[in-house]
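**Student:** Have a look at this one.
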Amino acid sequence: MKITRKIVHIDEEKCNGCGLCVAPCAEGAIEIVDGKAKVVREELCDGAGFCLGICPTGALTIEEREAEAFDEHAVEEKMREHGPVELDVQCFRCGASEHVAPLIPVRTEGNSRWVCTRCLPSLIHG
């Protein structure tokens, strides 16, 4: 069933196919297809936008449009098939892995980076 909702949009002209947006998408909606990032199943995209901050080219945005309704059961099924997503990244400020503190993708100083929740307040407030 299609409804009007917020969903990730990927500008193929800007996408360089690096794949950095795939891992932050915990629902598995984004994959690299023919060298470009694609939302392969609309019902898996919750529109949260964790993928946006890590894109080095700014190819990802959130748009409101008609799309398949988010399907939590489809996400659970995909996660059972593929297992949990493990990121091999570290906080750019303190070097912590996601096993030490949750990591969030951010854009800062023109770069896409990961920051842990311990360092995020000082990044925001200085």
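Every number here is computed from the coordinates shown, using simple stated rules; none is lab data. Given the structure is predicted, the values throughout are model-derived calculations rather than measurements. Heads up, the Cβs are rebuilt from the backbone with ideal geometry, glycines too, and the neighbour counts pull from every protein chain shown.
**Student:** If you rank Leu20, Leu103 by fewest surrounding Cβ atoms within 10 Å, what's the result?
**Tutor:** Details: Leu20 20, Leu103 23.
Ordered from fewest to most neighbouring Cβ atoms within 10 Å, Leu20, Leu103 come out as Leu20, Leu103.
**Student:** Under the classification rounded if a/c is under 1.5, otherwise prolate if a/b is larger than b/c and oblate if not, where does segment 87-126 fall, given a ≥ b ≥ c as square roots of the Cα gyration tensor eigenvalues?
**Tutor:** On the way: a/c = 2.23, a/b = 1.30, b/c = 1.72.
The shape class here is oblate.
**Student:** Show that you can apply the helix-only estimate: for the chain, add -39,500 (n - 2.57) for every DSSP H stretch of four or more residues, divide by all residues, and state [θ] at 222 nm to the nearest 500.
**Tutor:** Working: 2 runs with 17 residues, N = 126.
So the calculated ellipticity at 222 nm is -3500 deg cm²/dmol.
**Student:** Select from Glu27, Glu43, Glu72 the residue whose mean-square fluctuation is largest in a Gaussian network model of the chain (Cα-Cα springs shorter than 10 Å).
**Tutor:** Comparing Glu27, Glu43, Glu72 in a Gaussian network model of the chain, the most mobile one is Glu72.
**Student:** A further question on this structure: Treat every Asp and Glu Cβ in segment 1-85 as -1 and every Lys and Arg Cβ as +1, leave all other atoms uncharged, and give the resulting dipole magnitude about the Cα centre to the nearest 20 debye.
**Tutor:** Dipole size: approximately 220 debye.
**Student:** Additional query: Note down the magnitude of the dipole of segment 47-126 about its Cα centre, charges +1 on Lys and Arg C-beta and -1 on Asp and Glu C-beta and zero elsewhere, to the nearest 20 debye.
**Tutor:** With only Lys, Arg, Asp and Glu charged at Cβ, the dipole is about 640 debye.
**Student:** Would you indicate which of (1) 15.0, 45; (2) 15.5, 54; (3) 21.1, 59 is the value of Rg and Dmax of the Cα atoms in Å derived from the coordinates of this structure?
**Tutor:** (1)
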